[in-house]
1. Would you mind stating whether residue A:125 is touching an Asp or Glu at 6+ places or on another chain (Cβ under 8 Å) and within 14 Å of chain B (Cβ to nearest Cβ)?
2. What is the residue count in segment B:173-207 for residues that are free of Cβ contacts under 8 Å to residues at least 60 places away in the same chain and either farther than 20 Å from residue B:3 by Cβ or crowded, with 22+ Cβ neighbours inside 10 Å (or both)?
3. Name the residue that is farthest from residue A:123 (Cα to Cα), counting only residues in segment B:140-171 that are surrounded by fewer than 21 Cβ atoms within 10 Å (Cβ to Cβ) and of a type in the set (D, E, K, R).
4. Residue A:175 passes all but one of (1) more than 14 Å from the chain's Cα centre (by Cα); (2) crowded, with 17+ Cβ neighbours inside 10 Å; (3) within 30 Å of residue B:106 (Cα to Cα); which number fails?
5. So which pairs qualify, if the first residue must be in segment A:12-29 and in contact (Cβ under 8 Å) with a residue 12 or more places away in the chain, the second must be among the acidic types (Asp, Glu) and not in a helix (DSSP H, G or I), the Cβ gap must be under 8 Å, and the two must be at least 6 apart or on different chains?
6. So, residue A:128, is that one polar (S, T, N, Q), in contact with a Lys or Arg (Cβ under 9 Å, 6 or more places away or on another chain) and farther than 25 Å from residue A:199 by Cα or not?
7. Could you list, in sequence order, all residues of segment B:51-77 that are within 14 Å of another protein chain (Cβ to nearest Cβ) and buried (at least 16 other Cβ atoms within 10 Å of the Cβ)?
8. Only one of these is within 25 Å of residue B:175 (Cβ to Cβ), of a type in the set (Val, Ile, Thr), surrounded by 15 or more Cβ atoms within 10 Å (Cβ to Cβ) and modelled with pLDDT under 95: B:3, B:32, B:18. Name it.
Amino acid sequence: MTFQTMVGQLAGGFLTTLAIFVLTLLGSLPLGLAVYFGRRSRLAPLRGLVKVYISVMRGTPLMLQLMVVYYAPNLMFGMRPLSRFAATIVAFVVNYAAYFAEIYRGGIESIPVGQYEAAEVLGYTKGQTFFHVILPQMVKRVLPSVTNEVITLVKDTSLASVIAVVEMFTLASRIAVAPHSPGMVTFAVAAVFYYVFNYVVAFAMERAEKALSYYQ
Amino acid sequence: MNVLTITGAQKSFAELGVLKDISLSVDEGEVVSVIGPSGSGKSTLLRCATFLETLDRGEIAYMGKKAAHSGPDGKSVYEKDLSPFRRCFGLVFQQFNLFPHRSVLQNVTDAPVRVQKRPRAEAEEEARKLLGKLGLADKADAYPCQLSGGQQQRASIARALAMKPELLFFDEPTSALDPELTGEVLRVIRRLAEEKMTMVIVTHEMDFARAVSDRVIFMDGGVIVEQGAPDDVLVNPTQERTRQFLKSYQS
């Protein structure tokens, strides 16, 4: 296998990596908000449940969670398993939502109570207060922490190899051990892919932070 | 016409009585200043009147309609929907509490458009007039963080006025300001007084209270110790506690 072929195959795998990345963010960023609402719900059982969920998501390896989502429904209940790719998205979304919920909570709790009071006196409903006063300020406050998570996510996509999703890392592992392949160089090239991707992500997030720096 | 009537207001925080049987009524066009040492309950009174805190006992009525009445067990019972009562008043905070992510103009127009459902164009036109009146015409597109404290407080007064309240509350409006900035805010409030805006002002500015008020209320220990015309309360108080308090201010 030539170097070019290897790079071409990795690039193909990178499309799957990119899909995991994008779909995870599309699912977990809003789901995190829902989890946050559950975390501070008036219903004590819901609150307790969400706390346990967050605790488990943060307290066990994502690799293990991937295996549970893919294998457990079939092994335990005889259900037809999700496709490998779908199981990956479910596991990633559910895991990252837990982290995002906690980040949102930190951001929301740091907003001065005077903002709520000003909105209340002006007659805003609870929903208007949240979406027009609190949420925009929260986004600015959590952006640096969200950037951290997003960068971690780029690298975490490689964990999908544990259930044999053919993303870039899985491909790199297969190519590296195949006969007449460029061998370990494959991993170096994969590393460059991850690094460049994260460089772009960090740049985009920095731009977003700048765009929100018009106020303090 | 009575704009605000508070009867028998009582409020405790963790067993600590902060308001002990306060009654107060404010007439249309009247300017009432509330003075007193910190911890006297004057801010709590304002927060209860604006529904940021709830009374334990007592009644609150705006424009003759009761927002809170005494229930059968003597405890205050609030109306389910307080929004018609919130329309009656505005509150200017000590810390301004402008929305930092919105421009001055947006701060002033957002509630009229979103809460009162007024057409945006009309709200903006009125907001620009208000800002002009408060000396902020050139700051409409600025963000709060770009303004001085005095300008921020004037913007927050504009935000409150944009809702066309019957009554405007001020909670120590100059206490967060540098001394050289208090004048511009006090001048704005004085001008509103001349226009017969009904106002209740919690303040530590004694000279200002004397100049602007129709009535001064001195509170201490959760009760109204003395009230009356500014000269009576601030110059010739009848109560010893009032005298002590005023003396501590002069020295």
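The values are calculated or read from the model by the stated rules, or taken from the named source; none is laboratory data. Here the structure is a predicted model, which means the values were calculated and not measured. Neighbour counts are summed over all protein chains in view; Cβ atoms, including those assigned to glycine, are modelled from backbone coordinates with ideal geometry.
1. Details: touching an Asp or Glu at 6+ places or on another chain (Cβ under 8 Å): no; within 14 Å of chain B (Cβ to nearest Cβ): yes.
No, not satisfied.
2. Looking only at that region, the number is 16.
3. Applying the filter and picking the extreme gives B:141.
4. In the conditions (1) more than 14 Å from the chain's Cα centre (by Cα); (2) crowded, with 17+ Cβ neighbours inside 10 Å; (3) within 30 Å of residue B:106 (Cα to Cα), residue A:175 misses (3) alone.
5. Taking only residues 6 or more apart or on different chains, the pairs are A:13/A:167; A:14/A:167; A:16/A:167; A:17/A:167; A:20/A:167.
6. Details: polar (S, T, N, Q): yes; in contact with a Lys or Arg (Cβ under 9 Å, 6 or more places away or on another chain): yes; farther than 25 Å from residue A:199 by Cα: yes.
It is true that residue A:128 is polar (S, T, N, Q), in contact with a Lys or Arg (Cβ under 9 Å, 6 or more places away or on another chain) and farther than 25 Å from residue A:199 by Cα.
7. Initial filter on segment B:51-77 (within 14 Å of another protein chain (Cβ to nearest Cβ)): B:51-54, B:62, B:67.
Within segment B:51-77, B:51, B:52, B:53, B:62, B:67 qualify.
8. Working: B:3 fails: modelled with pLDDT under 95; B:32 fails: modelled with pLDDT under 95.
Result: B:18 is the single residue among B:3, B:32, B:18 that is within 25 Å of residue B:175 (Cβ to Cβ), of a type in the set (Val, Ile, Thr), surrounded by 15 or more Cβ atoms within 10 Å (Cβ to Cβ) and modelled with pLDDT under 95.
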